[in-house]
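Report on the following structure.
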Amino acid sequence: MTTNDAGSPSTRTTCDVAVVGYGPVGMTLAALLAQRGVDVLVIERHAQRWALPRAGHLDGETMRTFQGLGIGDAVELVARPMLEWALTRGDHDVLTTIALGESGSGWKADYLSYQPEFEAIIDARARHLGVRVFQGTTAVTLEQNEHRVLLGVRPTDTPDAGLRTVEASFVVGADGAGSFVADALGVRRHDLGFSARPQLVVDFEHHDPDRDLPALQEVCQVLDIRRPHLAGRWSGGRWSRWEFAALAHESREDLEDEAACWGLLRAWGITPEDGRIVRRTVYEFDSLLADHWRSGRVLLAGDAAHTMPPFLGQGMCSGVRDAVNLTWKLAAVLSGDAGQSLLDTYESERMPHVKAMIEMSMAVGDMVLLTDPEAAARRDELLRTEGGPLPPLFPRLGPGLVRRAEQPAASDVDGRPARQGRVVWQGRLALFDDQFPLSGWRLVSRHRVPLDIFDERQRAALTAVGVEFAHISRAAGDDHFVDLDGDYDLWFRETGRKAFLCRPDNYVFGSAATFGELPALIDELAEVLSRYGWDAPSGESGRRSAAAQVVAKAPGR
């Protein structure tokens with residue numbers, strides 16, 4: 001769709017990126033972009049942030065993103081680490097317990113949190129970074145040409161009001177499953193075929209967060225063929241959530257009846273004297289994937305691009321991954337470091353990853369929602385005798401700005417998140433990412449990398465994206481990062497790699513088993529940079545942290 005310029009200066013607002021939608025994905029994207037110096041404006045149709053929870057699960061990768069925004073510790077204070085996942089029979093007899101725990105991200109693998117609380121933290125950070133948020137404003141038209149995107153917006157509560165124009169270099173639709181932006185682009189959604197009965201979600205606030213509920217210590221999946229359901233304790237025990245599968249004869253009205261909800265909670269020993277029901281609502285689950293995520297200068301993220309069943313807790317987390325992947329690429333294009341074709345890698349990398357996550361969520365849902373007695377009995381026996389499935393290894397990124405999987409020197413670690421542990425740099429102890437002012441390209445190595453192994457073209461590629469060298473060792477010293485807990489030593493040994501080239505989103509572009517393989521790896525980087533029009537460094541990509549400057553100049557480089 002193309003457009004001519006429209007509107008007048010008094011009715012026109014300009015920005016680098018306009019984000020439509022201000023849920024957790026939209027606000028995370030806006031904050032990440034603003035952190036990189038991008039002028040961001042948000043259009044949100046609701047006048048206030050939504051006061052009720054929807055998502056409740058944060059994984060370690062999401063917490064690492066919040067860490068990068070400077071709010072990881074604040075979010076952790078309103079979250080509860082999820083250390084195990086119990087699968088039980090209807091009488092709460094435990095069939096198996098799956099330990100969760102560490103993730104390699106520097107954070108626990110899983111947390112449970114009350115969405116309004118962590119959203120407030122992201123919102124405050126976004127506004128502090130200068131994000132302009134137009135709440136109570138609805139986008140009603142979208143047009144674009146070669147140079148810009150024009151959004152026509154008006155107050156949500158005044159549908160007859162005249163349109164105000166928002167002019168942006170790029171627009172990102174993070175406006176949920178009923179996305180206006182996706183509809184304006186004519187995006188079609190492919191159904192991956194998940195089918196299940198609706199579920200009643202009951203969110204509960206406890207008067208006494210320290211009250212012990214023996215059957216509800218962490219997260220419990222109750223494999224009851226009469227009514228499969230899940231229960232989880234959040235945020236230090238203050239909040240709990242139950243998700244009850246609907247029976248064949250139950251209507252939405254039947255399920256949402258307050259007396260019926262109390263009847264379901266009484267089976268868990270919960271009565272009105274224990275607290276209040278904050279929300280009771282019925283969800284129907286989709287497994288939808290948009291057929292394309294980019295059209296010119298307009299892109300989709302989060303539920304606007306994909307929806308999935310909740311059984312891995314990866315819906316919102318996948319949207320946050322979208323935001324992280326897209327942020328550094330948009331920043332590079334806006335700064336002139338890279339051409340717009342770089343944005344094609346957003347869809348090519350993220351879509352296969354999300355599709356695999358949807359399929360894994362569907363598989364877990366099919367397993368926990370069994371109601372056929374014979375099939376359920378076989379499942380229960382398998383769980384009791386062989387234990388539950390291991391936490392899944394999440395998929396690698398699809399093709400894009402990442403080493404191709406078919407390369408002879410490629411490793412399974414390529415295209416996956418880089419490890420993070422605690423390190424000491426010149427007497428300062430912190431998680432690795434916190435030793436740098438902003439996440440960028442890094443060459444993480446077990447030994448000091450000699451620069452003379454690179455030729456002129458390879459050095460130019462390293463310079464083009466401002467690669468920072470990070471030598472990490474168990475040995476004490478001030479000229480390298482000290483691997484305090486041995487996390488990196490374990491990473492090097494487990495993977496058989498000696499160096500990892502990590503991207504600004506903390507994903508591994510590629511790795512090397514020997515330093516002799518590094519020149520070829522950088523040749524691949526140079527080829528990819530050339531493909532996407534990446535020029536000499538400027539702006540954020542050209543700045544090096546003080547730590548990395550010293551490491552790069554240390555003796556022996």
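At a glance:
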| read-out | value |
| --- | --- |
| Order by protection proxy (mean Cβ within 10 Å, highest first), peptides 282-292, 342-352, 18-28 | 18-28, 342-352, 282-292 |
| Simple Cβ-charge dipole of the chain, Lys/Arg +1 and Asp/Glu -1, about Cα centre, in debye nearest 20 | 1300 debye |
| Positive dipole terminus of the chain, leading residue within 471, 271, 62 (C-beta point charges) | 471 |
| Point-charge dipole on Cβ atoms (K/R +1, D/E -1) for the range 422-553, about Cα centre, debye to 20 | 160 debye |
| Cα-based reach from residue 108 at 13 Å (exclusive), listing aspartates and glutamates while leaving out same-chain residues under 8 positions away | 59, 61, 73, 76, 84 |
| Ordering of 260-267, 120-127, 213-220 by burial proxy (mean other Cβ atoms within 10 Å per residue, highest first) | 120-127, 213-220, 260-267 |
| Partners for residue 498 among aspartates and glutamates (Cα-Cα distance below 15 Å; same-chain residues under 8 apart left out) | 412, 414, 483, 487, 489, 517 |
| Computed lengthening from residue 146 to residue 52, 0.36 nm per intervening residue step minus Cα-Cα distance | 29.8 nm |
| Rounded D (µm²/s) - the range 163-303, Kirkwood Rh over Cα pairs, Stokes-Einstein at 25 °C, 0.890 mPa s | 137 µm²/s |
| Antiparallel DSSP beta bridges within the chain, as percent of all bridges there, nearest 5 | 70 percent |
| ³J(HN,Hα), Karplus 6.51/-1.76/1.60, whole Hz, each residue of the range 511-519, x for Gly, Pro | 9, 9, 7, 9, 5, x, 8, 5, x |
| Segments 396-402, 459-465 sorted - mean Cβ within 10 Å per residue, highest first | 396-402, 459-465 |
| Spacing of the two label points (7 Å from each Cα toward its C-beta) at residue 459 and residue 489, in nm | 3.4 nm |
| Size of the range 324-461 as Cα extents on the principal axes (Å, biggest first) | 66, 41, 32 |
| At R0 = 22 Å, FRET efficiency that the Cβ-Cβ distance of residue 92 and residue 359 yields, to 0.05 | 0.15 |
| Diffusion constant of the chain at 20 °C, which comes from Stokes-Einstein with the Kirkwood Cα-pair radius and 1.002 mPa s, µm²/s | 86 µm²/s |
| Calculated on alpha-carbon atoms, Rg and Dmax of the range 7-69 in Å | 14.3, 46 |
| Label zone at residue 252 (point 7 Å along Cα-to-Cβ), backbone N below 12 Å, the range 184-217 | 198-199 |
| Mean residue ellipticity (222 nm) of the chain, computed from DSSP H runs ≥ 4 via -39,500 (n - 2.57), nearest 500 | -8500 deg cm²/dmol |
| Convex hull volume per residue for the range 422-553, taking Cα atoms only, in Å³ | 101 Å³ |
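No value in this document is a laboratory result; all are computed from the given coordinates. Every value quoted in this text rests on a predicted model; they were computed, and no experiment measured them. Cβ: placed from backbone, ideal geometry, glycine included. Neighbour counts: every protein chain shown.
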